[in-house]
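Read the structure below first, then the notes.
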Amino acid sequence: MLSLKHFQLLQCVGKGNFGDVYLAHYLGNSLDPTDPVIPRGVPLAIKCINLEHSTEPIDLLLKEIYFLSTLNCQHITHYYGTFTGDCNLYIVMEYCSNGSLLNLLRYYSRLTEQTTCFIISQVCHALDYLHEKRLIHRDLKAANILLNDDGEVRLADLGVTGQLKFNSTRHGGKNLNTFVGTPFWMAPEIIKNQSYDGKCDIWSLGITALELLNGKPPMSHLDSMKALMRIPKLNADNILRNMDISPLGKDFIRQCLQQDPHQRPTCKKLLQHKWLRKCSITNVMEEITIMKTNQIMSKEKPRLCQPRFPLADKVYKTNFPNQLESWSFEEESVRKCGVLNNIPNLYNDNDITIDDKSPSLNKQQLRNSNLSTPTSALSPSSMQVSPKTNLSTPATEHYEEINSPLSCPKRNSDFENQSIDYWKHVFLFSLKKVKQRAINEPTKETIQSLTTYMENLEKNFPGLSEALVQEISTRVAKLNSL
Amino acid sequence: MAFWWKKSPKTPSDYVKHLIEQLDKLESSPTVSDNRKKAQDECGRQIAGTKHFLLKETDPVPTQEALDELYYSIYQSDLFFTLLHSFSNLDFEARKDVAMIYCICLGRSKDNKLPTVDYLLAKPKFMSILLRTSETCITKPGGSDIFLTASGMILETIKQEQLCRIIIRDPQIWKYFDFTRLGSFEISSSSLQVLTELFTAHPKLVSTEFFSNEENLNRFIDKINKLMAHGNYVTKRQSVKLLGTLIFNRINKNLMTTYINSSDNVKLVMILLSDRSKNLQLESFNIFKVVVANPRKSKPVLDVLVKNRDKLLNFFEQFGVDNKDSTFLDEKEFIVEQIEALPRIVAANGEYALGTSPQKNLVM
């Protein structure tokens, strides 16, 4: 079975609402015959969805995976397989090193008619493939069109793809009415809440063509609500009138942007359109090369992403029980109940290989960094003071407690039976500990005066310690998890 | 592809005949050979052509008579049997097309009848072969993909109540519980999806014809408990949700009373209730609340609850604190009241004494 240990995760290359995307390599030591065939030594994109935080129901995510797995088209990002680990879903996809078309638009502001024509024809092939399978993309836009290493076009992000029913008789072939997509690219029939079919992708294709030619989709100066109201009145001629493109190009876009979906041509028809047929280039390598060279010359650094859900932030942590409470069940009956026997810890994928350049964090730090909730301030070790100055190294005995959290209450009677007093139980406690670590008198005195000072502040501004403790622990956790 | 039908103007039934001949050729040719590849390609073309015809995507659009004739010959020749037999030997796209053809046929309605459903009802063996197709491919390369496509066909079949009745009687369905624990993620999640559809699509049918049988009932509980205890994160969440849905439906009173009166089940639910995953906690709470709200708890269940009275109260202090949903809050309040009303155990030995003093759980 595929798992995280079969991959080497390099840097985070993108993030979205769904989770983070990592660049990765397949290490290929899975022996399971049902595992997908994944090329070795080829860069891969691994989309990591945190299911514990995802608001999307699992069923919908599964649906997307099933869609992806039924596709085998050279113009759509290739899907290799999926696996789980901790609470994450990892989807292994083809990696498109040159990112989305937005990168090109950011650099060039607008694309030439020839480049646009090529991209649109490639996307049209992808849409034709989807429509053939009665699938509709529903979120076509430049941001969802990627460029691979060779400057070839790949349609991506099938997150809101919809499946049309096969029996077109009852609904006249149009049986979707979910309101999805991105406002500026959305077809009028979706906005008007009518049922729709693949023709809504054709509309978005026209808008995307305008986006590539002008740098922005029409009406992007408006806020999305206003744009939504205007789209059902959008007149392609008004937009095209002042644009400097060939009559063929105008005709193509005009055909896509017809208000009546029935009037819009199918992908097959569009692929026969002269504008696409006379397209002479086979990739956008030239544009990419120029852009990259100039970026290197101007020493512009490629943008690095900070993952939204760092992989070290696990729900099921190594050395922690999977349960928060240890219930009292009689040994006898627990043993009798076959199911409860030996529940294995399935989630500890602690053999992840994250190849970041930062100095390796020791296990203790990583573990502490996971406690990012405010209450984590309770654990003394989450506020480790690095012994930079004349302070001795922390004694290890304090940190053992954290390994067996459920036994903590027994030892720290302070915390029993009462709510947490951040000043007394956390701040003062820590200051005392720091004082113990001080090796000379001046340091001890400094800490004592700090204690007195803080005590006064806390008296005058109750809650100050609490806020400080929370902020410090959140920050430490954040830094540790980078 | 549009010209496929035009190329040789035969009748639709000739095409079915031709397809079956090609499938025979595919089966009879050696595993690695040019002939086989040729037969595979030809099958793919024929299957795609049939799909386009059924979808009325050919030019000219087929007449209703031609369509009826095609359907008729599909039934007459038992084409679905032949297609399933060669399923794993077809190529990627052809398999998807087979699934699509099957789905189109299933949904066909004529004179207020569903002819394909009636046809399949007369051939219950098909259901049994369909359910077993997934199993045969599980160890083959590309197995996930075949499994997913076959599951898609099963899901469509389940939607038809009469066909679902045949499936639910097939002992093969128990295997789907095991499939969720082996093989790739796609195999495990789609098996669970099949089970979810199977047990929830037609509640009345499942309740009167499946859970009414005590043996089925106990076996189901045993199987779903295993998924809840040992599955991966997705399996756990989906299986707890499935059980919750079933228990919450009044029609499954039988299942509910049996489930919530066994202390072993309650222990498992409590373990999941205190799981580190907030989502699993919430899903398990939906089952646990039924356990606690039950006015006639069995002695063993009551014992478990009483023994953990203080731990539970302590646990619920922290449980779902950031949840603002008013229904949830009401339910939680009610559950806490019920637990408070449970008798306290007077400290008798060390172990119990520990439980009587409320503790703060330090690592929430």
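The values are calculated or read from the model by the stated rules, or taken from the named source; none is laboratory data. These numbers were taken from a predicted model, which means no experiment stands behind them. When we count neighbours, we look across all protein chains shown, and the Cβ atoms used for this are built from the backbone with ideal geometry, even at glycine.
Being among the hydroxyl-bearing types (Ser, Thr, Tyr), within 13 Å of chain A (Cβ to nearest Cβ), surrounded by 21 or more Cβ atoms within 10 Å (Cβ to Cβ) and within 16 Å of the chain's Cα centre (by Cα) is not true of B:Thr245. No other residue among A:Ile231, A:Ile245 is more than 19 Å from A:Trp185 (Cβ to Cβ), surrounded by 14 or more Cβ atoms within 10 Å (Cβ to Cβ) and of a type in the set (Val, Ile, Thr) apart from A:Ile245.
Do you know which of the residues in the range B:116-135 that are of a type in the set (Ser, Thr, Tyr) and under 14 Å from B:Leu84 (Cβ atoms) is nearest to the chain's Cα centre (by Cα)?
Checked the range B:116-135; the qualifying residue nearest to the chain's Cα centre (by Cα) is B:Ser134.
On the phi < 0 side of the Ramachandran plot, at pLDDT 90 or above and not assigned by TED's automatic domain parsing to the domain that holds A:Glu64: which single residue out of A:Leu135, A:Leu105 fits that description?
After applying the criteria, what remains is A:Leu105.
I'd like to check something: does the range A:231-240 contain any residue that is away from chain B (no Cβ under 14 Å) and within 31 Å of the chain's Cα centre (by Cα)? The answer is yes; a qualifying residue exists.
Which residues, counting only those in the range B:86-123, are of a type in the set (Asp, Glu) and within 15 Å of B:Cys137 (Cβ to Cβ)? Reasoning before the result, please.
Going residue by residue through the range B:86-123, those that are of a type in the set (Asp, Glu) are B:91, B:93, B:97, B:111, B:118.
Within the range B:86-123, just B:Asp91 meets the criteria.
At least 2 residues that are away from chain A (no Cβ under 14 Å) in each: list the helices (runs of 4 or more DSSP H) lying fully within the range B:28-119 that qualify. Steps first, please.
Details: elements: B:34-54, B:64-76, B:79-85, B:92-106.
Of the helices (runs of 4 or more DSSP H) lying wholly inside the range B:28-119, those with at least 2 residues that are away from chain A (no Cβ under 14 Å) span B:34-54, B:64-76, B:79-85.
If you check B:Leu329 against the conditions, is it aliphatic (A, V, I, L, M), closer than 29 Å to A:Thr55 by Cβ and more than 11 Å from every other protein chain (Cβ to nearest Cβ)? Yes. Taking the range B:289-322 as the range and being outside any helix (DSSP H, G or I), within 14 Å of chain A (Cβ to nearest Cβ) and either surrounded by fewer than 19 Cβ atoms within 10 Å (Cβ to Cβ) or small (Gly, Ala, Ser) (or both) as the test, the residues that pass are B:Ser298, B:Gly320, B:Val321, B:Asp322. Here A:Arg437 clears all of (1) among the basic types (Lys, Arg); (2) in contact with a strand residue (DSSP E or B) (Cβ under 8 Å, 6 or more places away or on another chain); (3) exposed (fewer than 14 other Cβ atoms within 10 Å of the Cβ) except the condition numbered (3). Among residues of the range B:139-151 being buried (at least 23 other Cβ atoms within 10 Å of the Cβ) and small (Gly, Ala, Ser), the one that is farthest from the other protein chains (Cβ to nearest Cβ) is B:Ala150. If the condition is being more than 16 Å from the chain's Cα centre (by Cα) and away from chain B (no Cβ under 11 Å), then the range A:43-59 contributes only A:Pro43.
Looking across the range B:152-198 at every residue that is more than 17 Å from B:Thr208 (Cα to Cα) and in contact with a Cys (Cβ under 9 Å, 6 or more places away or on another chain), the one that is nearest to the other protein chains (Cβ to nearest Cβ) is identified as B:Gly152. Given the condition among the polar types (S, T, N, Q) and more than 30 Å from A:Asp197 (Cα to Cα), answer yes or no: does some residue in the range A:257-280 qualify? Checking the range A:257-280: at least one residue is among the polar types (S, T, N, Q) and more than 30 Å from A:Asp197 (Cα to Cα). When restricted to residues that are among the charged types (D, E, K, R), in contact with a Lys or Arg (Cβ under 9 Å, 6 or more places away or on another chain), surrounded by fewer than 21 Cβ atoms within 10 Å (Cβ to Cβ) and at pLDDT 90 or above, the range B:96-138 contains 1.
Within the range A:105-124, track down each residue that is part of a helix (DSSP H, G or I) and either touching an Asp or Glu at 6+ places or on another chain (Cβ under 6 Å) or among the polar types (S, T, N, Q) (or both). Steps first, answer last, please.
We begin by selecting, within the range A:105-124, every residue part of a helix (DSSP H, G or I); these are A:105-108, A:113-124.
Correct list: A:Gln114, A:Thr115, A:Thr116, A:Ser121, A:Gln122.
Determine, yes or no, whether A:Glu300 is modelled with pLDDT under 70 and among the acidic types (Asp, Glu). So A:Glu300 fits the description; yes. Candidates B:Glu317, B:Glu283: the one that is closer than 29 Å to B:His202 by Cα, acidic (Asp, Glu) and assigned by the TED database to the domain that holds B:Phe220 is B:Glu283. Which of (1) within 14 Å of chain B (Cβ to nearest Cβ); (2) modelled with pLDDT under 80 does A:Ile352 not meet, given it meets every other one? The single condition A:Ile352 does not satisfy is (1).
Against the condition modelled with pLDDT under 85 and either of a type in the set (A, V, I, L, M) or surrounded by fewer than 23 Cβ atoms within 10 Å (Cβ to Cβ) (or both), how does A:Gly159 come out, does it pass? It would help to see each step written out before you state the result.
Working: modelled with pLDDT under 85: yes; either of a type in the set (A, V, I, L, M) or surrounded by fewer than 23 Cβ atoms within 10 Å (Cβ to Cβ) (or both): yes.
Against the criterion (modelled with pLDDT under 85 and either of a type in the set (A, V, I, L, M) or surrounded by fewer than 23 Cβ atoms within 10 Å (Cβ to Cβ) (or both)), A:Gly159 qualifies.
Modelled with pLDDT under 85, surrounded by 12 or more Cβ atoms within 10 Å (Cβ to Cβ), out of contact with any Lys or Arg (no Cβ under 8 Å at 6 or more places or on another chain) and polar (S, T, N, Q): does that describe A:Gln259?
Working: modelled with pLDDT under 85: no; surrounded by 12 or more Cβ atoms within 10 Å (Cβ to Cβ): yes; out of contact with any Lys or Arg (no Cβ under 8 Å at 6 or more places or on another chain): yes; polar (S, T, N, Q): yes.
Taking the combined requirement at face value, the residue does not satisfy it.
Within the range B:210-228, can one find any residue that is among the small types (Gly, Ala, Ser) and in a helix (DSSP H, G or I)? Within the range B:210-228 (the criterion being among the small types (Gly, Ala, Ser) and in a helix (DSSP H, G or I)), the answer is no, since none of the residues qualifies.
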